[in-house]
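Participant: One structure, as structure tokens, below. Some questions next.
The values are calculated or read from the model by the stated rules, or taken from the named source; none is laboratory data. All of these numbers come straight from a predicted model, not from anything done at the bench. Positions of Cβ are generated from backbone atoms using ideal geometry, with glycine treated the same way; all protein chains shown enter the neighbour counts. Heavy atoms of the whole protein, side chains included, go into the accessibility calculation; ligands, DNA and RNA do not. Shrake-Rupley method; radii C 1.70, N 1.55, O 1.52, S 1.80 Å.
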Amino acid sequence: MREMGLRVDVFLLALAVVWSPVVSDLVISKVDRRIDLTSQIARITSTLKVVNEGSSLVTEVLLAFPENQAKHLAHLTATPTEGKGKAKGSSIGYPVQNVHPKDMPPALTFYSVALPKGLGKGDSFTFDVLAVFTHALKPFPEKITQADIQLLVFQESAYYLSPYGVKVQTLSVKLPDARIESYTKVENTKSVGSEIKYGPYENLSPLSYSPIVVHFESNQPFAVAEELVREIEISHWGNIQVTEHYKLVHGGAQSKGEFSRLDYQVRPHVRGQSAIRRLVAKLPPRAHSVYYRDEIGNVSTSNLWSDSKKTELEIEPRYPMFGGWRTAFTIGYGLPLHEYLFESDGKRVLNISFGCPVNEMVIDTLIVKVVLPEGSRDISVSAPFPLKQERETKFSHLDLVGRPVVVLEKTNAVPEHNQKFQVYYKFNSLAMLTEPLMLISGFFFLFIAGIVYMHVDMSISKSSPSYLAKLQWDEVQAAIQKIQNIINRCLLIHDKLEASLRNLSRTGDVQACKAARKAADGSLKELSKEMKPLLAFLQSSQQAAQILPKVEELVVKEKDLEERLMVKHSTVVDCYEKKYGGREIESRVASHLQKITALRQEVDDLLEFIDEI
């Protein structure tokens, strides 16, 4: 299927070559292309020397990319050439933009490089073009086991695809290792170590194309961030807080079969060659308060090295990541404000890096959120490449209208996008006093409220109906509590009577039992006298209207229980005096026992009910 797709692309391109005309009298006298495939990111550096062989002034040079290659193009720059095949180290570059020239094949995507000055007849100009591609290296096979090596396939053209004629060109493909499965061999092809060289080829017509495929071993981990959200929060009190949320996936050959932790621990470089074991993030030099955590919490398997020139954070995930495996984590750190925030023409300028600090990471969607202080206005952004911009508002502690947030989005981001960008805004310094004044005012009013509370009588008036009603209810509760205590004392006397009967059955001392009965009678009469005024008070109080029926029922039930117990006591004593046997005594008191048990349970239930009220 892969070879068939390639043949179709070549066939369509061949038709386009036959159909398309020459765009100008511009000729490329020499092209030196260098393809770097040592990581998951494919970088193609082309040194072009163009010559104007026509009479018309030429101000631009067109660059052509096949459609299947253009969709993976992440970064494209044109810079002056310094030395043999070395790009100039400065940030000076020539404007590059996507164009749609007329009468060109639709299977090609074109970009225009604006020359610093027009080329007249016979003039030449040399410059470098760097094209960076993501997801251009395809795993083949697409699925491997833990012990297998990772093989990749890369497709290109041995000839430089250009709308201009090419006099001389060469191509070199740099691989991560000398172990090459296979590669397309055409005229003037040779392999030297980990490098494959094609050419030189001479006098090629416009849009010449000769497809090549390189199948090679590469165990470099494919760290791909499906989404990276960087939040840069500015505090004018001296700090910039950076928080980065990663959703990471291993984009290499998919892992199949079972994973053996033991095999990986014993031979990690054999049983996990292409796994992501660790990542290195190059943070700004004076980064502080660095942390690394995931959904579970802080991850301790990380190391930090810092000096005056650099800060490096080595991140080790909780588990080695094989092809197709995913994880999510967060990195956070602080930066000194004075090194990144400046003033210019009455505006404040934030000058900070845009891209990802992790080495050789591909980012499908990169979102940078710059959170400005509350009250910022006249906000504008300057970036070295096109970005999608939006505005949001974020609320934090002590915010009134919220903090303006500049949201910048870039798809298909690579390390080359880790460049400085600027956010311009105006801010009144007096606005910094808003939050301190709010805190001071809050504490001031809190203390005033405390003073007022301590010196103002907040109690209810003693002559008010609600206060009088509360007093009456308190009196009712006190009376009910006393009645409950009297009932409980009566129950204790009942228990003593029962105890005297048990002693009688054990000792046969009738006189002692009669003495206990006499003492109980006296105590119960005294308690009855104490209860009468309490019941009279409840019957005369309107506050006790709802609970009075239950109290009266309790008193009646207790009186019934008392009478039953006295009858039982008299019966047992009489039987002992007449020398009746045990069975005869049990038969005489059996009718009373059931009623006594039921009455005692009802009394306990009523006490519990009244106590809850």
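Participant: Choose one of 200, 549, 79: the residue whose Cα lies farthest towards the positive end of the charge dipole of the chain (beta-carbon charges +1 Lys, Arg; -1 Asp, Glu; about the Cα centre).
Facilitator: 200
Participant: Report, ordered by chain and residue number, the aspartates and glutamates lying within cross-link reach of residue 117, taken as a straight Cα distance under 13 Å and ignoring same-chain residues fewer than 8 apart.
Facilitator: 60
Participant: Around residue 438, with a cut-off of 12 angstrom between Cβ atoms, what is the net charge of the other residues, counting Lys and Arg +1 and Asp and Glu -1? Don't skip to the answer; put the middle values down first.
Facilitator: Details: positive: none; negative: 374, 399, 435.
Once positives and negatives cancel, what remains is -3.
Participant: Now, a different point. So what's the net charge close to residue 147: Lys and Arg +1, Asp and Glu -1, counting the other residues with Cβ under 10 Å from its Cβ? Write out the running numbers ahead of the final one.
Facilitator: Values: positive: 267, 271; negative: 148, 263.
Here the charged neighbours net out to 0.
Participant: Would you mind computing, in nm to one decimal, how far apart the modelled labels at residue 532 and residue 226 are, each placed 7 Å from Cα along Cα→Cβ?
Facilitator: 8.9
Participant: At 7 Å along Cα-to-Cβ for each site, give me the label-to-label distance between residue 347 and residue 474 in nm.
Facilitator: Result for the modelled spin labels: 7.2 nm.
Participant: May I ask you to compute the full-extension gain from residue 174 to residue 590, defined as 0.36 nm times their residue separation minus their alpha-carbon distance, rounded to one decimal in nm? Write out the running numbers ahead of the final one.
Facilitator: Working: separation 416, 0.36 × 416 = 149.76 nm, distance 10.94 nm.
Going from the current span to full extension adds 138.8 nm.
Participant: For the stretch 589-605, in order, what is each residue's ³J(HN,Hα) by Karplus, 6.51 cos²θ - 1.76 cosθ + 1.60 with θ = phi - 60°, in whole Hz (x at glycine and Pro)?
Facilitator: 9, 4, 5, 7, 4, 4, 5, 4, 4, 5, 5, 5, 5, 5, 5, 5, 5
Participant: What is the magnitude of the charge dipole of the stretch 465-612 about its Cα centre, with +1 placed on the Cβ of each Lys and Arg, -1 on the Cβ of each Asp and Glu, and no other charges, expressed in debye to the nearest 20? Working shown, then result.
Facilitator: Details: 23 positive and 24 negative charges, 142 e Å.
Value, rounded to 20: 680 debye.
Participant: How much length would be gained if the chain were fully extended between residue 521 and residue 503, taking 0.36 nm per residue of separation minus their Cα-Cα distance, in nm to one decimal? Can you show the working numbers first?
Facilitator: Values: separation 18, 0.36 × 18 = 6.48 nm, distance 1.84 nm.
Separation in residues times 0.36 nm, less the Cα-Cα distance, equals 4.6 nm.
Participant: Starting from 0.36 nm per residue, how many nanometres of slack lie between residue 339 and residue 359 once their C-alpha separation is accounted for? Could you put the intermediate results ahead of the total?
Facilitator: On the way: separation 20, 0.36 × 20 = 7.20 nm, distance 2.32 nm.
Length gained, residue 339 through residue 359: 4.9 nm.
Participant: Let me ask something else. Quick one: which of 256-262, 361-367, 65-71, 541-547 comes out on top by average Cβ neighbours within 10 Å, and what's the full order, highest first?
Facilitator: Working: 256-262: 11.6, 361-367: 20.9, 65-71: 17.3, 541-547: 14.1.
Peptide ranking by packing, descending: 361-367, 65-71, 541-547, 256-262.
Participant: Taking the Cα-to-Cβ direction at residue 312 and at residue 583 and moving 7 Å from each Cα, how far apart do the two end points lie in nm?
Facilitator: If labels sit at residue 312 and residue 583, their model points lie 10.4 nm apart.
Participant: Return one quarter of the surface area of the convex hull spanned by the alpha-carbon atoms of the chain, equal to its mean projected area, in nm². Let's see the in-between values first.
Facilitator: Values: hull surface 219.0 nm².
Hull-based average projected area comes out at 54.7 nm².
Participant: Please work out the Cα center distance from the stretch 489-536 to the stretch 349-393, rounded to the nearest Å.
Facilitator: 92
Participant: Provide the FRET efficiency to the nearest 0.05 for the residue 243-residue 194 pair, computing r from the beta carbons and using R0 = 45 Å. It would help to have the intermediate numbers written out before the result.
Facilitator: Details: r = 40 Å, r/R0 = 0.88.
Here the calculated transfer efficiency is 0.70.
Participant: Specify the angular offset, from 0 to 90 degrees and rounded to the nearest 10, of the alpha carbon long axis of helix 548-577 from the longest principal axis of the alpha carbons in the chain.
Facilitator: On a 0 to 90 degree scale, this one is about 50.
Participant: May I pose another question? Please tell me which of these pairs span more than 25 angstrom C-alpha to C-alpha: 518/595; 30/410; 310/420?
Facilitator: Values: 518/595 23 Å; 30/410 34 Å; 310/420 17 Å.
Where the Cα-Cα span goes over 25 Å, the pairs concerned are 30/410.
Participant: So if I take the alpha carbon set of the stretch 223-427, get Rg, then get Rh from the Kirkwood formula, what is the Rg over Rh ratio? Working shown, then result.
Facilitator: Numbers: Rg = 18.8 Å, Rh = 18.4 Å.
Dividing the radius of gyration by the Kirkwood radius yields 1.02.
Participant: Search the structure for amide H atoms under 5 Å from the amide H of residue 81, placed 1.01 Å from N in the peptide plane, and list their residues when 5 or more places away or on another chain.
Facilitator: 128
Participant: Could you give the size of the charge dipole of the stretch 490-531 about its Cα centre, using +1 on the Cβ of each K and R and -1 on the Cβ of each D and E, expressed in debye and rounded to the nearest 20? Write out the running numbers ahead of the final one.
Facilitator: Details: 8 positive and 6 negative charges, 29 e Å.
Once rounded to the nearest 20, the dipole reads 140 debye.
Participant: Of the listed peptides 503-511, 226-234, what is their order by residue-averaged count of other C-beta atoms within 10 Å, with the highest listed first?
Facilitator: Ranked from most to least packed, the peptides come out as 226-234, 503-511.
Participant: Still on this structure, please answer the following. Could you tell me the calculated FRET efficiency between residue 512 and residue 560, based on Cβ-Cβ distance and R0 = 25 angstrom, to the nearest 0.05?
Facilitator: On the way: r = 27 Å, r/R0 = 1.08.
After rounding, the FRET efficiency stands at 0.40.
Participant: Something else now. Considering only protein heavy atoms and a 1.4 Å probe, what is the carbon-and-sulfur percentage of the accessible area of the chain? Intermediate values should be presented prior to the final figure.
Facilitator: Values: 17500 of 32870 Å².
With neighbouring chains kept in place, the figure for the chain is 53 percent.
Participant: Okay, which of the stretch 291-323 sit inside 20 Å, backbone N to the point 7 Å along the Cα-Cβ direction of residue 262?
Facilitator: 320
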